[in-house]
Ligand code: AMP
């Protein structure tokens, strides 16, 4: 067993030697000639010349050795179904899906947009794209037509794969009408829409465009579609994430680097072994779903549970019953889910045999100490917080117990992960902070390790400007998170430096929500801020200035207008982005140069001191907000 600080140091000082060793964890059709090309910083090219395939590494190589071992365990408590696919069965389904996509005109490099609930067919689609070298772009099913249309226009997919409906808490959530509307709104029109009909919601088909999965699957039932060997840097997927502008960023991932990074993380961080079962409770619409529902566990030869449903239905024991039934060894969830369970009867957590479980990993948002302590005691297992972003694809900070076991410290996601040269930077001087306990921006020296974003889809300039030029005078990758480090090298996250908020582990851009609210004909101006919430970590709060203030003069009128605006956000962006409240004000607090004082609004909403207000133009605007949010 290595000493972790040495392991980390070597990953930085002997980058090529370190990653050459990790690259042996996956199969290469053609070996690479260079480990990392970094002649054009900040663009890193990992495993130059090597040819590989994500689907081969996730499915085929295991199907050849352990064809009957379970690979994909699909469980839906929404439609009460459970299907276990062995590696061989998964390979067959993926080949069928690959043949269908080819039949619909998808070629290597083409984009396939996936707008689907948590079904096995969504996994087949992602893996089929990887198999034929198409670039998948999964859009979270909770997003509505406007969000979807923006992503369709950016990705320009040849084909969109979707379903009639998802289901949440037993209630059918139709997808097709939202998709149809999005395609109408978008400038780009896909050549075909492949519909997986679950029989949940009737829908209308567009002749000549909409194809039926069941019919095409039957046609391609015996299809054999070989994996296309891709050069390591060829893109595997794009995944949209929110930033400081209203336009989402298409995080672009490579093939070889991502495959190696995931294989290494399964060994050194998550400690999953072939033949064991991994259960991540995320959704394929998020990065965790890509890395640790689909690719990571399968690359490691593990079975992966894909779960459609709530953590509390039929009761709060459902996840733990799956741990017992499928002998889950590694589980991955989000702090919000733990907080939801905390509200239920704790007996549900001890009813099942959890002896197979090694640890519960939590990520995506700050993990508060009471929740961590509670869940750790309730299930009697170690809780491992880990910190990362859509951009990195795998953890930046964690405890790498697979390298050398180390204690966790509640409130901290751990130390810098191997491959990441993490620094804390003083915002004003751009100097590195070495003093324990002093706050700075968490930044990473280039090159980023394998698996991280290559660029923003079709926008190298935005990639460089956004991530590598935000720290004054230095070319470093900014995470846009504040942090501190203690004397032992453990980091603590103190929140975002930008206008991104985190609701129940879901990342949302306040600008996107503001743009949606502004499209209401009665809204002149609006500010959206993230406010601390006991359950969801943060919620969005909106303060709007109306064109016709008289229309919300009475409490009943204000409530009706608030409901109307929330409905508008639901229909454009989806319920995930809906603010907790929309309050009406006569003006917004701004600086004399017209800049919105979001941090001051946020502080006031959290009943904190808003700090230095010397630049404020009109203090009464902030006072008005204070009066609205202060409990009577
Ligand atoms: P996303 O790209 O949606 O995964 O969101 C990434 C952001 O979530 C980070 O920049 C952090 O602000 C936050 N985040 C992720 N993991 C953690 C964690 N373990 N602790 C605190 N914040 C986290």
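Read-outs throughout are calculated quantities, based only on the coordinates presented, and are distinct from any laboratory measurement. None of the values given here were measured: they were computed from a predicted structure. With ideal geometry, Cβ positions are generated from the backbone for all residues, glycine too; neighbour counts draw on all protein chains shown.
Structural remarks
- The residues listed here are 200, 148, 179; of these, the one that is buried (at least 21 other Cβ atoms within 10 Å of the Cβ) and more than 15 Å from residue 238 (Cβ to Cβ) is 179.
Listed here are the residues, each with its yes/no results for (1) away from the ligand (no atom under 16 Å from the Cβ); (2) within 18 Å of residue 455 (Cα to Cα); (3) without any contact (Cβ under 8 Å) to a residue 12 or more places away in the chain.
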position: 256; (1), (2), (3): yes, yes, no
position: 262; (1), (2), (3): no, no, no
position: 285; (1), (2), (3): no, no, no
position: 301; (1), (2), (3): yes, no, no
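- Qualifying residue in the range 564-573 (condition: outside any helix (DSSP H, G or I) and surrounded by fewer than 16 Cβ atoms within 10 Å (Cβ to Cβ)): no
- Taking the listed residues 456, 471, the one that is under 28 Å from residue 152 (Cβ atoms) and within 16 Å of the ligand (Cβ to nearest atom) is 456, with no other qualifying.
Every residue, every condition in (1) touching a strand residue (DSSP E or B) at 6+ places or on another chain (Cβ under 9 Å); (2) in contact (Cβ under 8 Å) with a residue 24 or more places away in the chain, yes or no:
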| position | (1), (2) |
| --- | --- |
| 9 | no, no |
| 17 | yes, no |
| 31 | yes, no |
| 37 | yes, no |
| 47 | yes, yes |
| 77 | yes, yes |
| 98 | no, yes |
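So that you can scan it fast, the table gives a plain yes or no per residue for (1) free of Cβ contacts under 8 Å to residues at least 24 places away in the same chain; (2) away from the ligand (no atom under 16 Å from the Cβ); (3) within 25 Å of the chain's Cα centre (by Cα); (4) not in a loop (DSSP other than H, G, I, E, B):
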site	(1), (2), (3), (4)
340	no, yes, yes, yes
356	no, yes, no, no
371	no, no, yes, yes
403	no, yes, no, no
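- Inspection of the range 308-320 identifies at least one residue that is more than 16 Å from the ligand (Cβ to nearest atom) and part of a strand (DSSP E or B).
- Qualifying residue in the range 441-452 (condition: more than 16 Å from the ligand (Cβ to nearest atom) and touching a helix residue (DSSP H, G or I) at 6+ places or on another chain (Cβ under 6 Å)): yes
- The range 410-425, residues that are buried (at least 16 other Cβ atoms within 10 Å of the Cβ) and either in contact with a helix residue (DSSP H, G or I) (Cβ under 7 Å, 6 or more places away or on another chain) or assigned to a loop (DSSP other than H, G, I, E, B) (or both): 412, 413, 416, 417, 418, 419, 420, 421
- The range 303-327 - residue that is touching a strand residue (DSSP E or B) at 6+ places or on another chain (Cβ under 8 Å), more than 27 Å from residue 258 (Cα to Cα) and in contact (Cβ under 8 Å) with a residue 60 or more places away in the chain and, of those, surrounded by the fewest Cβ atoms within 10 Å (Cβ to Cβ): 310
- Scope the range 376-397; condition in contact with a strand residue (DSSP E or B) (Cβ under 6 Å, 6 or more places away or on another chain) and either under 14 Å from residue 408 (Cβ atoms) or assigned to a helix (DSSP H, G or I) (or both); matching residues: 376, 381, 382, 383, 384, 385, 386, 387, 395, 397
- Applying the criterion of being within 14 Å of the ligand (Cβ to nearest atom) and assigned to a loop (DSSP other than H, G, I, E, B) to the residues of the range 358-369, the residue that is nearest to the chain's Cα centre (by Cα) is 364.
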